[in-house]
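The values are calculated or read from the model by the stated rules, or taken from the named source; none is laboratory data. Worth saying up front: this structure is predicted, and the values here are computed from it rather than measured. Backbone-built Cβ (ideal geometry, glycine too); neighbour counts: all protein chains shown. For accessibility, only protein heavy atoms count, side chains too; no ligands or nucleic acids. Shrake-Rupley method; radii C 1.70, N 1.55, O 1.52, S 1.80 Å.
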Amino acid sequence: QGYVAGGITSPSPSMIVAGIICLVLSTAFMYFYFTLPALTTAKENDLRVKLSTVDIVGLFERQETLSMEAFSHLVDEDLTDSEVIHVFHVIDKNKNGVISKNELIDYITNDGSIDIVELQNERKDMQERREQMADADTRVGTAAMKFRILLSYVQIMSFLPVVFELPFPRMMTNFMKLLEFSSLDIYVFFGEVSCQMQTTFKQKFVFHMMLIPVICLCIGIVWGIIRLRVKHGGRPRFTRESVKTRVYTFVSLLTFGLYAGVSTKIFRLFKCREVQGRYYLVADFSVECYVGTWWNYGGVAILCIILYVVGVPMMQLFALLRNREHLHETSALDHQSHRLVKRQLGTLYDRYTDESFYFEIVNMLRRLMMTGGLILVGERSVVQALLGILTSLIWLLLVATKFPYKAYWDNLLEIALSFSLLMSLISGFALELFGTKETSGYEQAIFDILLVLMIVGCICAGVFAI
């Protein structure tokens, strides 16, 4: 109701309520995730198994109680300093600053619910399990890494019709439009598929530029609540270090998911086409470029390029280089620092080989080029296509020769998806060059079906790998 072609409608009350509910639920999820126990159940069980092998009788014959320093020597190999302090206070039930023999036994047996002899027998099984998991990681990898590889591919494919003005077949274009959900664009779910709100490109642009500051505000609110809880609510099951670690992980994963969509929205503001001596925004031809209010959005876009597009990968690269000597266990001089860095920055480098620790940044820049950066080249589709093909080819050769992922099958999956992306661009380029040649509808339909089947096959391969 009230629809006007090219016009804007304000969000309805139901949409505003839905937005507020989503914001509250997101904040609640952040609080729940950030305040998870400092030690996972599996890690705490492993710690109990290790402590069960200690000669408790002999240990307490030499001293009646364990101080913080003496206790840290027992568990230093597995925990960070903050976790050692946290576990020490958990075991020290009477809060007298030392651990007695009974307190240590109560912790190991979980207040008598676990047989200490069984824990001692599990020591060998635990070591074998760790060796098997390490071997599986080297060969197969994890589902999380394969999901990131697949998501990168789907994001790039969904933006191909936006970035490259190539005559992709209609079926393929429609299919890639369905993949836009991978950019975590809320308008795909609400603004585009419902009749509750009519949106323009400028509205979407403002929303995406506000998205990261709003998320940072929510994180700040949660952090404040956590500090109040620590100050007035007694000793919690989490530590300041565990909260910071989960904030780093959350921001890293969120950045990975949002980076392509936000960057593309920024660069689309500069994608204009000349019509009778004037330039109009390709995403919304009711907006004239480089005049009037366009500069209000253009100024914001330039600022966001500095903060988001350039700032995010540079900050991540700086963090990796700053902690270069603590990244890997084999080369780290301080193993305490290594454990802390791995937990906070591990999502950026842990699944890559030691010499390819920076590859996540390279991949981010590759995604930037393929999902928005090439828009700045201009509207010459052939030039854009050639640069896109060149970028895809360089990435494919880089992965195929360097094998940057630790897991063998992660490398094969990346190579297969990169090859599919390269073939899609080559096919679009071929259609552009031979656009003037007369072809039958039958040939075009076959070409369309083959391209879609190739994309669907690659996505299914990624899902199967996960």
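The set of residues in the stretch 96-116 that are loosely packed, with under 15 Cβ neighbours inside 10 Å and modelled with pLDDT of 80 or more comprises Asn96, Gly97, Asn102, Asp106. Checking each residue in the stretch 17-72 for being open to solvent by less than 60 Å² (accessible area, probe 1.4 Å) and polar (S, T, N, Q) picks out Ser26, Thr27, Thr35, Ser52, Thr65, Ser67, Ser72.
For the stretch 360-394, which positions are over 19 Å from Val262 (Cα atoms), of a type outside the set (A, V, I, L, M) and open to solvent by less than 10 Å² (accessible area, probe 1.4 Å)?
Scanning the stretch 360-394 gives Gln384, Gly388, Ser392.
Would a scan of the stretch 256-265 turn up a residue that is surrounded by fewer than 19 Cβ atoms within 10 Å (Cβ to Cβ) and not β-branched (Val, Ile, Thr)? Yes; the residues of the stretch 256-265 include at least one that is surrounded by fewer than 19 Cβ atoms within 10 Å (Cβ to Cβ) and not β-branched (Val, Ile, Thr).
For Phe175, indicate whether it is in a helix (DSSP H, G or I) and either in contact with a helix residue (DSSP H, G or I) (Cβ under 8 Å, 6 or more places away or on another chain) or at pLDDT below 80 (or both). In short, yes. Counting only helices (runs of 4 or more DSSP H) that fall entirely inside the stretch 329-413 and contain at least 3 residues that are touching a helix residue (DSSP H, G or I) at 6+ places or on another chain (Cβ under 8 Å), within 24 Å of Leu160 (Cβ to Cβ) and of a type outside the set (Ser, Thr, Tyr), the qualifying elements are 359-371, 381-402. Residues of the stretch 32-58 that are over 38 Å from the mean Cα position of the chain (by Cα) and without any contact (Cβ under 8 Å) to a residue 24 or more places away in the chain: Val54, Asp55, Val57, Gly58.
Looking at the stretch 155-179, I want the residues that are touching a residue at least 60 places away in the same chain (Cβ under 8 Å) and open to solvent by less than 20 Å² (accessible area, probe 1.4 Å) and have a partner that is not aromatic (Phe, Trp, Tyr) and not in a helix (DSSP H, G or I) with Cβ atoms under 7 Å, at least 6 apart or on another chain. Which pairs are those? These pairs meet every condition: Val163/Gly372.
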